[in-house]
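Q: Have a look at this one before I ask anything.
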Amino acid sequence: MTLPQTVTAGSAFSVPTSGSGPAVLYIVGPDQALRRDVQLGNPVSIAAGDLYNAGEYLAIIVAGSSSSSGELEVTPAPHPDTLSFLATPSRVPVGLHNGINGAVYVFDAYHNLIVTPMPVSFELSGSSGPSQARTITTSHGVAWTEIDSASKQGSAKFIAQAGGIATTRVIDEVPGDPCGLTISAQPDGAKLRVQTALVRDCSGNPIPDGTIVTFTENYNGAQTTADVPIKKDIAQIDMPAYSGATISVASGVVAGNEIRWGGGR
Amino acid sequence: MKGILLAVVLFIATIGLLVIGTLSPIPTAVYYAGGKSLTRASSTPQDAVENLAVQIRQRSFGDAYGSLANRAEFTEPEFVQDLTGNTLSLRTFATLEDFETQPLHESADDAEMLLKLHWSTVVGPYETTRDLHVVRNGDRWAVDWPLVKAPHVPPQVIPVNYLRWDVIYSGAGDDWGAQDVQAPRIRIVDMRPVNRAEGVVVMGELLNEDIVPAFVGVRATLLSKSGSPIASEGAFDMISHTLLPKQVTPFLIRFPNVDLSQVGSIRMGPISVLVSASADPVVEIENQKYNLDPEASLTGQLSNQSGQTVNIAHVLSTFYDKNGQLVWVAGQYVDRALPPQTPVDFSVQVPEDLAKQISSERTIVATYSSGNSL
């Protein structure tokens, strides 16, 4: 039996044999085993797609009480078929240096990791601003990179491409913490309507609706508080109207301004 | 021989106890055997109040209502609603575990009594106190029940259009590496361990830094000076588990029977999971006042700004000293439901030994509404 040293995963090949009479050929490897009845002296044909898991295989040919064996390496196909693209996080604050990570695992048509070095291009393109692109060569089948998030919010397309195969992920670039949080107040019947100005981050992106803004009113040793979600870029609440009360605002760990209610102002 | 003697003694003792139990049973045994009730003649103000409390404990609301002196002033359903709540709330499923009575004043024809009712619920006990006026009617005494009428919310339409978040996760059939939604980013912004008589308490504050709602929890592990774990506990209900974007919750984790001197370090494990949630309801916490007397407590009112009744409200307060350092975290479930636009009182107790250190506080409310899984 004369075995080829290497075979590409999924490809057809033949194994020449010598001698005469019937025999059985076993090929055993990672997660796969083949058995073929052969006539010694004739080559054994292994059809395309029969041997597809990459790795080291042991071939044994048994004829009666005698046997011989050899080793065979099945290598991944050179052309990528699938890219497993891990892009994290799915949401990232805007303007974050190296805030987005992308890792690509390159597989052939039989899900074998292609370990030969191969260029992988990464491109991040948002709804505004220039796209960011770079090419990384795989090492042991993996290529990874870090990219800055854009300064404007929106959905960004993160595309990885290798050997004509492309995979896309969507990264939500979201506003950061509120910046310059300010409130104003005006009488509303017996109550005081307190509302924020448009709530934006330091890059001018509107803070998403549903973000909590905390209002606190202090008057004569008593306190009134409310956690209010932003709606249409502002948060507002009706609070008790006490002349001389101080009202402050905060969101998360960001504090805003404080106002003093003077009765009619 | 000794065995026969012991058997004879046990037989005679059993017969004797049966005779005593039959001729002079304790009231509880009579009640559970289907005999007369546990109440006795209301020949004193104390008896009248105790009888009423026993009937409430037995949930014999009809008998309790029938015994009241002022029952003409309200109906039996109103009386029952006063005790169990007019909508689903902690009161609905509360059990009266115990009660205390205390005479305040007594004359020939009337008396003032204090009735403390100790209720138990699935989230722990709570106590209600009623000042009762008891009046003499012939040779019997009867209670004037101080009915607290449930506030009536007038029929109206309250538009609510706050945001709601829904989540679609990746499916089981998706390939490895397929895109999924990230867990929300959360951060512990304050943490402090303190030594108490009952053990170590780890408390702090947790912030949802993300733009999506989070279901959060905190677990702490106490490590000895050699690095081996001593104990690991979670915050359980001493945290607001659903955090909207940029919302902050306090947390408190108890380690009974552990002394802080044994602890070398603490490993904190905050967890967050993306959940569907609603930004409604908004609950305003009005007139918060920190009181040193008679008991150190934070009192105030919860005002539900939405149009939906909040069935269970859990008030969580963080207390700070004058330097802004965390002193204590306390919580209290509100036994009544929060009707729309109607203030409901709450009171959060503070340990007496910490009371004088407290300079400011911050309070949030975790809510649950029936019929709304979010």
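Computed from the coordinates by the stated procedures, all read-outs in this text should not be read as laboratory data. Keep in mind the model is a prediction, meaning the values are calculated, not measured. Heads up, the Cβs are rebuilt from the backbone with ideal geometry, glycines too, and the neighbour counts pull from every protein chain shown.
Q: Evaluate peptide A:161-171: per residue, the Cβ atoms of other protein chains within 10 Å of its Cβ; return the mean as an integer. Kindly include the intermediate steps, with their values, before the conclusion.
A: Details: counts 0, 0, 0, 0, 0, 0, 4, 1, 3, 1, 2.
Average neighbour count from other chains, rounded to a whole number: 1.
Q: Check A:Asp81: other-chain or 5+ apart residues with amide H under 5 Å from its amide H, H built from backbone geometry?
A: For A:Asp81, the qualifying residues are A:Phe107, A:Asp108, A:Ala109.
Q: Classify the protein assembly as shown: rounded, prolate or oblate, from the alpha-carbon gyration tensor (a ≥ b ≥ c, eigenvalue square roots; a/c under 1.5 rounded; otherwise prolate if a/b is larger than b/c)? Present the calculation step by step, with values, prior to reporting the outcome.
A: Details: a/c = 3.04, a/b = 1.66, b/c = 1.83.
Judged from the Cα gyration tensor, the protein assembly as shown comes out oblate (a/c at least 1.5, b/c at or above a/b).
Q: A further question on this structure: What list of ³J(HN,Hα) couplings, whole Hz, do you get for the range A:39-54 from phi and the Karplus terms 6.51, -1.76, 1.60, once you set θ to phi - 60° and write x for glycine and proline?
A: Each residue's phi maps through the Karplus curve to give 9, 4, x, 9, x, 9, 9, 9, 6, 4, x, 6, 10, 10, 8, 5 Hz.
Q: What 222 nm value per residue comes from the helices of the protein assembly as shown, counting each DSSP H run with n ≥ 4 as -39,500 (n - 2.57) and dividing by all residues, nearest 500 deg cm²/dmol? Display every interim value, and only then the final one.
A: Working: 5 runs with 56 residues, N = 639.
That calculation yields -2500 deg cm²/dmol at 222 nm.
Q: Still on this structure: Compare B:Pro154, B:Pro340, B:Pro245 in a GNM of chain B, Cα atoms joined below 10 Å, and give the one with the largest fluctuation.
A: Maximum fluctuation in the GNM of chain B, among the listed residues, is at B:Pro154.
Q: Grab the protein assembly as shown and count how many Lys pairs have their alpha-carbon atoms under 26 Å apart, sequence gap of 8 or more, or different chains.
A: The result is 18.
Q: Where does the longest stretch of chain B lie that holds no trypsin sites (Lys or Arg not before Pro) found in a DSSP loop with 16 or fewer other Cβ atoms within 10 Å?
A: Numbers: sites that count: B:Lys36, B:Arg40, B:Arg59, B:Lys149, B:Lys225, B:Lys322.
Free of exposed loop sites, the longest segment is B:226-321.
Q: Contact order normalised by length for chain A, with contacts defined as Cα pairs under 8 Å and 6 or more residues apart; what percent is it? Please report the intermediate quantities before stating the final value.
A: Numbers: 695 pairs, mean separation 32.1, N = 265.
Once divided by the residue count of chain A, the mean separation gives 12 percent.
Q: Relative to the first principal axis of the alpha-carbon coordinates of chain B, what is the inclination of helix B:2-23, with its axis defined by its Cα atoms, in degrees from 0 to 90 and to the nearest 10?
A: Its long axis makes an angle of about 80 degrees.
Q: Here's a follow-up. Could you work out the relative contact order of the range B:240-373, using alpha carbon pairs under 8 angstrom and six or more residues apart, expressed as a whole percent?
A: 26 percent
Q: Got a sec to turn the phi values of the range B:323-338 into Karplus ³J(HN,Hα) couplings, 6.51 cos²θ - 1.76 cosθ + 1.60 with θ = phi - 60°, whole Hz, x for Gly and Pro?
A: The phi angles translate into 8, x, 7, 4, 10, 7, 10, 9, x, 8, 7, 8, 6, 9, 6, 9 Hz.
Q: Is the shape of the range B:40-144 rounded, prolate or oblate, going by the alpha carbon gyration tensor and its root eigenvalues a ≥ b ≥ c, with a/c under 1.5 for rounded and a/b larger than b/c for prolate?
A: prolate
Q: With angles folded into 0 to 90 degrees, how steeply does helix B:45-57 sit against the dominant principal axis of chain B? Use alpha carbons for both and round to 10.
A: Compared with the principal axis, the helix lies near 50 degrees.
Q: Mind running the shape call on the range B:123-263? Use the C-alpha gyration tensor, a ≥ b ≥ c as the square roots of the eigenvalues: rounded below 1.5 for a/c, prolate if a/b tops b/c, oblate otherwise.
A: Values: a/c = 3.28, a/b = 1.38, b/c = 2.38.
Oblate shape, in that a/c is at least 1.5 and b/c is the bigger or equal ratio.
Q: Among A:Gly99, A:Gly129, A:Gly189, which one moves the most in a GNM of chain A with springs linking Cα atoms closer than 10 Å?
A: For chain A, modelled as a Gaussian network with Cα springs under 10 Å, the answer is A:Gly189.
Q: Can I get the semi-axes of chain B's equivalent ellipsoid? Compute them from the C-alpha gyration tensor as square roots of 5 times the eigenvalues, in angstrom, largest first. Could the numbers behind the result be given before it?
A: On the way: eigenvalues 417, 195, 109 Å².
Working through the eigenvalues yields semi-axes of 46, 31, 23 Å.
Q: So for the range A:179-265, averaging the separation of alpha carbon pairs under 8 Å that are six or more residues apart and normalising by length, what relative contact order in percent results? Write down the numbers at each step before the final one.
A: On the way: 197 pairs, mean separation 28.4, N = 87.
Computed value for the range A:179-265: 33 percent relative contact order.
Q: With unit charges on the beta carbon (Lys/Arg positive, Asp/Glu negative), name the residue among B:Thr363, B:Asn257, B:Ser60 whose Cα is farthest towards the positive pole of the charge dipole of chain B.
A: Projecting each Cα onto the dipole axis, the largest value belongs to B:Asn257.
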